[in-house]
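A quick write-up on the structure given underneath.
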Amino acid sequence: MQKLANLAIGTKGEIRSISDSDLEQKLLEMGCTPGEKIEVVRRAPFGGPVAILVSSYVLSIRKEDALKIDVKLLKDE
């Protein structure tokens with residue numbers, strides 16, 4: 001298991017858990033749920049947001065929030 005904030009561009013994974021209930025609710029409303037497959041598509045420099053591809057759209061997540069999201073890495077499909 002890895003934190004979303006630590007994944008490299010191009011890494012694919014599956015959201016396993018979100019450790020902050022307020023953040024979890026916000027992400028659920030955007031369709032980003034545990035079990036959802038994601039791919040890291042961009043990373044801003046200097047600790048900025050992480051952009052992920054989820055359900056055919058790009059979602060940008062602040063680094064401090066990405067540190068609260070556990071991801072199971074997936075092999076290339």
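Every number in this text was worked out from the coordinates using simple rules, so none of it is lab data. Not measured: the values here are computed from a predicted model. Positions of Cβ are backbone-derived with ideal geometry, glycine not excepted, and every protein chain shown enters the neighbour counts.
Using Cβ counts within 10 Å as a stand-in for footprinting exposure, how do Ser60, Ser21 rank, fewest first?
Ser21, Ser60
Determine, for the stretch 2-73, the count of lysine pairs separated by eight or more sequence positions (or lying on different chains) whose alpha-carbon distance falls under 14 Å.
8
I need the calculated FRET efficiency for the pair Val58 and Met1, taking r as the beta carbon distance and R₀ as 30 Å, to the nearest 0.05.
0.80
Along the Cα-to-C-beta direction of Leu73, a point sits 7 Å from the Cα; which residues of the stretch 8-31 have their amide N less than 16 Å from that point?
Flagged as within label range: 8-16.
From the list (1) 0.91; (2) 0.95; (3) 1.24, can you say which value of Rg/Rh (Cα atoms, Kirkwood Rh) was derived from the structure given?
(1)
Round to the nearest 0.05 the FRET efficiency obtained for Ser17 and Phe46 when R0 = 25 Å and r is the Cβ-Cβ distance.
Result of the calculation: an efficiency of 0.35.
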